[in-house]
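Student: Got a structure for you, questions after.
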Amino acid sequence: MKDLHHVDVRVNGRHHELVVEARRTLADMLRHDLGYTGTHLGCEHGICGACTVILDGQPARACLVFGVQADGAEVSTVEGLADGEVLSDLQQAFSDHHALQCGFCTPGFLMLAEAYLAEEAYQGEAEHGRTLSEERARELVASNLCRCTGYQGIVAAFLATARARVARGDAT
C-alpha cells in the first residue's frame with residue numbers, strides 16, 4: 001500500500017492540488033506530476049545544484065525536499081522567470097555573457113541568483129546603492145556545479161544583473 005498525501009502548492013503563482021507518495025521528491029513532483037521540467041536532476045544528492053528552486057523565498061535543492069513538505073508552500077521554478085517569450089533580465093544576462101553551454105546546470109544557477117538578489121540582506125545593501133561584489137558572486141556560484149563554462153560567464157551575468165537592478169533602483 002502506498003503512503004499517499006494531498007498537497008496544495010503554488011508554483012510560479014499557479015495553484016496546484018495533487019496527491020503524491022510521501023517518498024516522492026519535490027523535484028520529481030515538479031517534473032513528473034506538474035510538468036515543470038526546467039528543474040533538472042543531476043546528482044540527486046544535493047551536491048550539484050541543478051535542481052535548485054525557490055521554496056518560500058529561499059533557494060532549496062528540490063532533490064532533497066519531499067513533495068509533501070511543500071504543502072502550502074510557494075515554489076518558483078525557472079519557468080516562472082520569463083514573461084511569456086520575454087526573458088527576465090537575469091536570463092538575458094546569462095545569454096549576453098555566454099553563461100551557458102550545454103544548459104543543464106543553468107536553471108539551478110538562475111534560481112540561486114534570483115533567490116540571492118531577492119534576499120532582504122541584499123535588498124538593504126541595494127537600497128544604499130551597493131551591489132554584489134565579484135568575490136561574493138564567486139562564493140555563491142561555487143555552491144552549484146557546472147562542467148562546461150568555467151563559471152566566468154555565470155559570475156559576469158550575476159554581477160551585470162545585480163548592477164543593472166541597483167542602477168534602475170528596482171533591486172528586486
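The values are calculated or read from the model by the stated rules, or taken from the named source; none is laboratory data. The structure presented is a predicted model; accordingly, all values stated were derived computationally and were not measured. Here the Cβ positions follow ideal geometry from the backbone for every residue, glycine too, while neighbour counts run over all protein chains shown. Only protein heavy atoms, including side chains, enter the accessible area calculation; ligands, DNA and RNA are left aside. Shrake-Rupley method; radii C 1.70, N 1.55, O 1.52, S 1.80 Å.
Student: What's the longest bit of the chain with no exposed trypsin sites (Lys or Arg not before Pro), using DSSP loop states and at most 11 other Cβ atoms within 10 Å as the test?
Tutor: For trypsin sites (Lys or Arg not before Pro) (loop position, at most 11 other Cβ atoms within 10 Å), the longest site-free span of the chain is 24-146.
Student: May I ask which residue of Gly13, Thr161, Phe104 lies farthest towards the positive end of the charge dipole of the chain, with charges of +1 (Lys, Arg) and -1 (Asp, Glu) on Cβ and the Cα centre as origin?
Tutor: It is Phe104.
Student: Could you please put Val78, Val20 in sequence from largest to smallest accessible area, using a 1.4 Å probe?
Tutor: These residues rank, largest area first, as Val78, Val20.
Student: By the gyration tensor of its Cα atoms, with a ≥ b ≥ c the square roots of the eigenvalues, what is the shape of the range 1-64: rounded for a/c under 1.5, prolate for a/b over b/c, or oblate?
Tutor: Since a/c reaches 1.5 but b/c is at least a/b, the shape of the range 1-64 is classed as oblate.
Student: Relative to the Cα centre, what is the charge dipole magnitude of the range 59-172, using +1 at the beta carbon of each Lys and Arg, -1 at the beta carbon of each Asp and Glu, and rounding to the nearest 20 debye?
Tutor: That gives a dipole near 440 debye.
Student: Which one of Gly42, Ser76, Ala118 is farthest out on the positive end of the charge dipole of the range 1-125, using unit charges on Cβ (Lys, Arg +1; Asp, Glu -1) and the Cα centre as origin?
Tutor: Going by the Cα projections, it comes out as Gly42.
Student: Kindly work out what percent of the DSSP beta bridges joining two residues of the chain are antiparallel, to the nearest 5.
Tutor: Of those bridges, close to 90 percent are antiparallel.
Student: Accessible area of the range 101-158 with a 1.4 Å probe: how many percent of it is carbon plus sulfur?
Tutor: 50
Student: Tell me the GluC sites (Glu not before Pro) within the range 1-69 that lie in a loop according to DSSP and have at most 16 other beta-carbon atoms within 10 Å.
Tutor: On the way: sites: Glu17, Glu21, Glu44; in loops: Glu44.
Of the GluC sites (Glu not before Pro), the ones in loops of the range 1-69 whose Cβ has at most 16 other Cβ atoms within 10 Å are Glu44.
Student: Here's a follow-up. Quick one: grab the alpha carbon gyration tensor of the range 64-172, order the square roots of its eigenvalues as a ≥ b ≥ c, and give me rounded if a/c is under 1.5, else prolate or oblate depending on whether a/b is larger than b/c.
Tutor: Working: a/c = 1.44, a/b = 1.11, b/c = 1.29.
Since a/c stays below 1.5, the shape of the range 64-172 is classed as rounded.
Student: Right, here's the next one. Let's see if you can work this out: charge +1 on each Lys and Arg Cβ, -1 on each Asp and Glu Cβ, no other charges. What is the dipole magnitude of the range 1-122 about its Cα centre, in debye to the nearest 20?
Tutor: Magnitude of the dipole: close to 420 debye.
Student: Sticking with this structure for a sec: Helix 106-118 versus the longest principal axis of the chain: what angle, 0 to 90°, nearest 10, using Cα atoms?
Tutor: The angle comes out near 70 degrees.
Student: Here is a follow-up. Counting heavy atoms of the protein chains only and a 1.4 Å probe, report the per residue accessible area for the chain as a whole number of Å².
Tutor: For the chain, the solvent-accessible area averages 52 Å² per residue.
Student: Based solely on its DSSP helices, what 222 nm [θ] is calculated for the chain when runs of n ≥ 4 H residues each add -39,500 (n - 2.57) and the sum is averaged over all residues, nearest 500 deg cm²/dmol?
Tutor: -9500 deg cm²/dmol
Student: Return one number: the angle in degrees, 0 to 90 and rounded to the nearest 10, between the long axis of the Cα atoms of helix 152-168 and the longest principal axis of the Cα atoms of the chain.
Tutor: It works out to around 80 degrees.
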